[in-house]
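Visitor: This is the structure I want to talk about, given as structure tokens.
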Amino acid sequence: MPVSPLLATGWLGLHWADWGVLALYFVVVLAVGIWSSGKVHDITDFFMGGRRFGKVFMMFFAFGSGTSSEQAISVVAGTWRVGLAGIWWQFLWLFATPFYWIVAPVMRRMRALTTADFFEARYDKSTAALYSVYGIVMAVVFIAGGLYSSGKMVNALTGGELDLVAQQLNWSVPSVQWSAEAGSFAVTSRPVVGYEFAILAMTVLFVSYGLAGGLGAAVVTDFIQGVLTITFSFLLLPFVFQQIGGFGGLNAAGDVKPGMLDLFASGEAMAAAAERLNKEPITVFYVVMLSLTALAGIVVQPHIMGVCGAGKTEFEGRFGFTVGNFLKRFCTIAWTFTGLACIVWYLGADSPLVTSPDPADQQLHADLQATLGNLENLPQEERDRIASVDNAFADELFGRAAYEILPTILPGLVGLLLASLLAAVMSTSDAQMVVGSGLFTENLYKRFLVKDASDAHYLWVGRVAALGIVLLALILQSTFTDVIHALKVIIKTPAAIGISLWFGIAWRRWTTAAVWTSTLAAAGTWALVAYRPDALSFSFNEFMFKSNGSMSDAWQMFAYVSAGVLVGMVTSLLTPRGDEEKLDRFYRVLHTPVQADEVVPAPCTLPENAGPPEPKMFPGSKDWELPKPTRLDVVGFVAAWVLVGLIIVFVRWLAGVS
């Protein structure tokens, strides 16, 4: 990759103006962490921010904590792979968004510090411990995915300078990888690569202010970082389209890749994808399973209790959760069309890879062009090499385009994009770190190890636990093969135990035993279909499997979600009902609206001045506990679905603009 003259005057591939922008960003977020540390007096302040935030802060907290740079990078990478259909790597949550309007006040009414509090109040201590362990796993996965993808982009924004640093240092670290031949995980060693230095720098920064200020620091920095994330989402878009002759150039070059402007993969595109690089096309069925899996898991993601519960009242939570995520959907559109423009630019006749004097870039262009043809006649080793080149290029596409375009516009723009990127990943990582440490401290350490220590003691335990969570995330990110792989793990992980939260809210009959069997059945089925599909291929139809013998992602999700629901329902019907008195107390809390400035004596309990509970949808039922919708519920829910439809129509219209 040729180095821009503007970048040659700086360090690590960045102009000094870029370093100045980054320095300003670092000073601001560290100052917020120090300021927020003065607001932390007890565990409620650290893990729930004192429940003191209003609608705007809650909107940006929901947006920032749920929007990480790996999402933008994965959408751009997915768009490179499959065209417009790559938008579903984030639009998979689009159909879940209207439900946020309904579920957010329910989560706020739990009056819990962590989601584990819900499991204890609804079921028992064992399920709270199960969720705590599983929630910590989720936090580790989310942090790992964000750091991995962001590290790839930072490396691209330095023009590969970090790779040169890694080669010079020649450090080695342990590596854990799944071996399909041996049917087990193998521990080896590998050299440290360039993007991992970027990961280390990001980790030091978000750990510093996150440990100091807890969730309060996360909420405030997410307000700042939400603005920067929006900047990150739209900054590159107009300049990439300028390279292809404007927005109309996209439609004019829509045949650069077959099916590039299709919102769903057509039959012909499906066959071509399967033939070329064994990539699973994004069909309607795939989108349905992605959406159902996302909806099943969203409610148990560790940060969601804070997203819904850190506001003053129910409305702050539902407004922030819903509007903040719709804001994210519009950013997703920007990411997708940036990726589409990059397809036209890099594969077109005027590709910078063709005009580059570097022979490596010209060979890269030839390899990328080869992915569009019939690779069946090539040796398997060559096909694998081309697929690897294509995946690596997709992972760094966003950063590479920015590196080649922005310095020609104005020095400092790469630094602004880099600061925005760091803001996106760290706003998610700090929230996950804090809530994950809260799960360990409140529901494992405090309950089973040290029960009567001071608040100061538990605060320090939470901070140490946060460091442990981040360390595990650093280890996990080293196992990912590409950004889409990382995103798939993020999507699938929460659903196994999320099933029990949904049923626990709505159905009294779902029992403690069902939580365990459902979660273990879902997780076990996922492990089986993902790692040992050979044990199933003889008993299932061939259309469930890809050409390499692995089960398709869509059918993997169908298998493990179905297993979790069915096993849980059967277990519930075969085991004794839960204690009715305990269930009555729980559902009384769940149906009682939150009042401003109420004082809750303990998680999942009512304040002394609690009002009357709201009526149920089925007041005569002994099993179903669905709350009766209010006018606000219905109007907001319908409006959200209308907006979903308008967003899809808008995307299709943009793809057809000529």
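The values are calculated or read from the model by the stated rules, or taken from the named source; none is laboratory data. These numbers come from a predicted model, not from an experiment. Heads up, the Cβs are rebuilt from the backbone with ideal geometry, glycines too, and the neighbour counts pull from every protein chain shown.
Visitor: Being in contact with a Cys (Cβ under 9 Å, 6 or more places away or on another chain), at pLDDT below 70, in a helix (DSSP H, G or I) and of a type outside the set (G, A, S) is the requirement here; does F223 meet it?
Guide: Working: in contact with a Cys (Cβ under 9 Å, 6 or more places away or on another chain): no; at pLDDT below 70: yes; in a helix (DSSP H, G or I): yes; of a type outside the set (G, A, S): yes.
The answer is no for F223.
Visitor: May I pose another question? Taking region 152-210, which residues are at positive phi and modelled with pLDDT of 70 or more? Let's see the steps before the verdict.
Guide: Start the filter on region 152-210 by keeping residues that are at positive phi, which leaves 159-160, 170, 183.
Correct list: G159, G160, N170.
Visitor: Quick one: in region 456-474, of everything that is of a type in the set (A, V, I, L, M) and over 15 Å from M138 (Cβ atoms), which residue is nearest to the chain's Cα centre (by Cα)?
Guide: Narrowing region 456-474 to residues of a type in the set (A, V, I, L, M): 456, 459, 461, 464-467, 469-474.
Pick out the ones that are also over 15 Å from M138 (Cβ atoms) and you get 456, 459, 461, 464, 467, 471, 474.
Working: A456: 32, L459: 27, V461: 27, V464: 24, L467: 20, L471: 19, L474: 16 Å.
Checked region 456-474; the qualifying residue nearest to the chain's Cα centre (by Cα) is L474.
Visitor: Taking region 312-342, which residues are β-branched (V, I, T) and either assigned to a helix (DSSP H, G or I) or in contact with a Ser or Thr (Cβ under 6 Å, 6 or more places away or on another chain) (or both)?
Guide: In the first step, residues of region 312-342 are kept if they are β-branched (V, I, T); the result is 313, 322-323, 332-333, 336, 338.
Result: T322, V323, T332, I333, T336, T338.
Visitor: Looking only at region 272-283, decide whether some residue is at pLDDT 70 or above and under 24 Å from P494 (Cβ atoms).
Guide: Initial filter on region 272-283 (at pLDDT 70 or above): 281-283.
This time we only want the ones that are under 24 Å from P494 (Cβ atoms), so: 282-283.
The answer is yes, given that some residue of region 272-283 is at pLDDT 70 or above and under 24 Å from P494 (Cβ atoms).
Visitor: Can you give me the number of residues within region 355-366 that are of a type in the set (A, V, I, L, M, F, W, C) and surrounded by 15 or more Cβ atoms within 10 Å (Cβ to Cβ)?
Guide: Residues of region 355-366 of a type in the set (A, V, I, L, M, F, W, C): 360, 364, 366.
From what's left, surrounded by 15 or more Cβ atoms within 10 Å (Cβ to Cβ): 364.
So the count comes out to 1.
Visitor: For region 106-116, enumerate the residues that are part of a helix (DSSP H, G or I), of a type outside the set (S, T, N, Q) and crowded, with 24+ Cβ neighbours inside 10 Å.
Guide: First, pick out the residues of region 106-116 that are part of a helix (DSSP H, G or I): 106-109, 115-116.
Add one more test, that the residue is of a type outside the set (S, T, N, Q), and what stays is 106-109, 116.
If the condition is that a residue be part of a helix (DSSP H, G or I), of a type outside the set (S, T, N, Q) and crowded, with 24+ Cβ neighbours inside 10 Å, then M107, R108, A116 are the ones that fit.
Visitor: Ok, one more. Is it fair to say M58 is in contact with a strand residue (DSSP E or B) (Cβ under 7 Å, 6 or more places away or on another chain), in a helix (DSSP H, G or I) and either at pLDDT below 55 or buried (at least 18 other Cβ atoms within 10 Å of the Cβ) (or both)? Show your work before the answer.
Guide: On the way: in contact with a strand residue (DSSP E or B) (Cβ under 7 Å, 6 or more places away or on another chain): yes; in a helix (DSSP H, G or I): yes; either at pLDDT below 55 or buried (at least 18 other Cβ atoms within 10 Å of the Cβ) (or both): yes.
Answer is yes for this residue.
Visitor: Out of curiosity, is V483 modelled with pLDDT under 85 and touching a helix residue (DSSP H, G or I) at 6+ places or on another chain (Cβ under 6 Å)? Talk me through it step by step, then tell me what you get.
Guide: Numbers: modelled with pLDDT under 85: yes; touching a helix residue (DSSP H, G or I) at 6+ places or on another chain (Cβ under 6 Å): yes.
When the stated conditions are applied, V483 passes them.
Visitor: Another question about this same structure. Residue pairs, Cβ under 7 Å, 6 or more apart or interchain, first in region 608-627 and in contact (Cβ under 8 Å) with a residue 60 or more places away in the chain, second among the basic types (K, R) and not in a loop (DSSP other than H, G, I, E, B). List them.
Guide: E625/K616; L626/K616; P627/K616
Conditions tested, residue by residue: (1) out of contact with any Lys or Arg (no Cβ under 6 Å at 6 or more places or on another chain); (2) under 28 Å from G399 (Cα atoms); (3) not hydrophobic (A, V, I, L, M, F, W, C).
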{"residue": "L292", "(1), (2), (3)": "yes, no, no"}
{"residue": "V300", "(1), (2), (3)": "yes, no, no"}
{"residue": "M305", "(1), (2), (3)": "yes, no, no"}
{"residue": "F337", "(1), (2), (3)": "yes, yes, no"}
{"residue": "A349", "(1), (2), (3)": "yes, yes, no"}
{"residue": "R385", "(1), (2), (3)": "yes, yes, yes"}
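Visitor: Within region 397-448, can you find the residues that are surrounded by fewer than 23 Cβ atoms within 10 Å (Cβ to Cβ) and acidic (D, E)?
Guide: E404
Visitor: Of all residues in region 294-311 being part of a helix (DSSP H, G or I) and either free of Cβ contacts under 8 Å to residues at least 40 places away in the same chain or not hydrophobic (A, V, I, L, M, F, W, C) (or both), which is nearest to R111 (Cα to Cα)?
Guide: The first filter runs over region 294-311 and keeps only residues part of a helix (DSSP H, G or I), leaving 294-298, 304-309.
When the remaining residues are screened for being either free of Cβ contacts under 8 Å to residues at least 40 places away in the same chain or not hydrophobic (A, V, I, L, M, F, W, C) (or both), the result is 297, 306, 309.
Working: G297: 20, G306: 11, G309: 7 Å.
Going through the qualifying residues, I end up with G309.
Visitor: Which numbered condition trips up K582, out of (1) under 24 Å from K125 (Cβ atoms); (2) in contact with a Leu (Cβ under 6 Å, 6 or more places away or on another chain)?
Guide: Of everything listed in (1) under 24 Å from K125 (Cβ atoms); (2) in contact with a Leu (Cβ under 6 Å, 6 or more places away or on another chain), K582 misses just condition (2).
Visitor: Identify, by number, the condition in (1) among the aromatic types (F, W, Y); (2) modelled with pLDDT of 80 or more; (3) part of a loop (DSSP other than H, G, I, E, B) that F264 doesn't meet.
Guide: Among (1) among the aromatic types (F, W, Y); (2) modelled with pLDDT of 80 or more; (3) part of a loop (DSSP other than H, G, I, E, B), F264 violates only (2).
To keep it simple, each residue is scored yes or no on (1) assigned to a strand (DSSP E or B); (2) in contact (Cβ under 8 Å) with a residue 40 or more places away in the chain; (3) within 28 Å of V75 (Cβ to Cβ); (4) among the hydrophobic types (A, V, I, L, M, F, W, C).
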residue	(1), (2), (3), (4)
Q90	no, yes, yes, no
F118	no, yes, no, yes
G151	no, yes, yes, no
V187	yes, no, no, yes
T203	no, yes, yes, no
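Visitor: If T332 passes every condition in (1) polar (S, T, N, Q); (2) more than 20 Å from L487 (Cα to Cα); (3) touching a Phe, Trp or Tyr at 6+ places or on another chain (Cβ under 7 Å); (4) in contact (Cβ under 8 Å) with a residue 60 or more places away in the chain but one, which one does it miss?
Guide: Evaluating T332 over (1) polar (S, T, N, Q); (2) more than 20 Å from L487 (Cα to Cα); (3) touching a Phe, Trp or Tyr at 6+ places or on another chain (Cβ under 7 Å); (4) in contact (Cβ under 8 Å) with a residue 60 or more places away in the chain leaves (2) as the failure.
Visitor: Then there's this: Filter region 75-113 down to the residues that are over 29 Å from T332 (Cα atoms) and touching a Ser or Thr at 6+ places or on another chain (Cβ under 8 Å) and list them by number. Don't jump to the end; show me each part of the working.
Guide: Start the filter on region 75-113 by keeping residues that are over 29 Å from T332 (Cα atoms), which leaves 109-113.
Result: R109, R111, L113.
Visitor: Return the residues of region 595-616 that are among the aliphatic types (A, V, I, L, M) and modelled with pLDDT of 85 or more; say none if nothing qualifies.
Guide: Filtering region 595-616 down to residues among the aliphatic types (A, V, I, L, M) leaves 596, 599-600, 602, 606, 610.
Listed by number, the list holds a single entry, L606.
Visitor: Further question on the same structure: Restricting attention to region 447-456, which residues are outside any loop (DSSP other than H, G, I, E, B) and over 22 Å from P302 (Cβ atoms)? Walk me through how you get there before you give the answer.
Guide: First, pick out the residues of region 447-456 that are outside any loop (DSSP other than H, G, I, E, B): 447-449, 455-456.
Passing the criteria: only A456.
Visitor: What are the residues in region 623-658 that are hydrophobic (A, V, I, L, M, F, W, C) and either at positive phi or exposed (fewer than 12 other Cβ atoms within 10 Å of the Cβ) (or both), if any?
Guide: Those that are hydrophobic (A, V, I, L, M, F, W, C) and either at positive phi or exposed (fewer than 12 other Cβ atoms within 10 Å of the Cβ) (or both): V642, L646, V649, W653, V657.
Visitor: Confirm whether V464 is crowded, with 24+ Cβ neighbours inside 10 Å, out of contact with any Asp or Glu (no Cβ under 6 Å at 6 or more places or on another chain), closer than 23 Å to P174 by Cβ and modelled with pLDDT of 85 or more. Spell out how you get there, then give the answer.
Guide: Numbers: crowded, with 24+ Cβ neighbours inside 10 Å: no; out of contact with any Asp or Glu (no Cβ under 6 Å at 6 or more places or on another chain): yes; closer than 23 Å to P174 by Cβ: yes; modelled with pLDDT of 85 or more: yes.
In short, no.
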